[in-house]
Amino acid sequence: MKDFGHIRHMSSHELAIFGMQDLAYIKPVIVNGVTAFAVHAADGTQVAVLPDRDVALVTVRQHDLEPLSLH
């Protein structure tokens, strides 16, 4: 079993970058009147816009990232 007690003592900077290399956020966006799905890095930087949620999920996973959905 892993001990995650050290997370309670992280600085705000450490917490902000925690998981940044492991996560990507996917959220619906409107592009030219059509729904698409934007992929964002953990720091909020948009890295891609894809036409379909399933394509966005597969793309994120192919880059060894864990997708999280934003609504």
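Things to note:
- Residues being under 22 Å from E14 (Cα atoms) and either part of a strand (DSSP E or B) or in contact with a Leu (Cβ under 7 Å, 6 or more places away or on another chain) (or both) - total across segment 25-71: 9
Let's see how each residue does on (1) exposed (fewer than 13 other Cβ atoms within 10 Å of the Cβ); (2) modelled with pLDDT of 90 or more:
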{"residue": "K2", "(1), (2)": "yes, no"}
{"residue": "S12", "(1), (2)": "yes, no"}
{"residue": "F18", "(1), (2)": "no, no"}
{"residue": "N32", "(1), (2)": "yes, yes"}
{"residue": "G44", "(1), (2)": "yes, no"}
{"residue": "L57", "(1), (2)": "no, yes"}
{"residue": "V60", "(1), (2)": "no, yes"}
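- Residue ID - farthest from L70 (Cα to Cα), chosen from residues in segment 21-30 that are surrounded by fewer than 12 Cβ atoms within 10 Å (Cβ to Cβ) and at pLDDT below 95: Q21
The values are calculated or read from the model by the stated rules, or taken from the named source; none is laboratory data. Being a predicted model, the structure only gives us computed values, none of them experimental. Note that we place each Cβ from the backbone using ideal geometry, even for glycine, and neighbour counts take in every protein chain shown.
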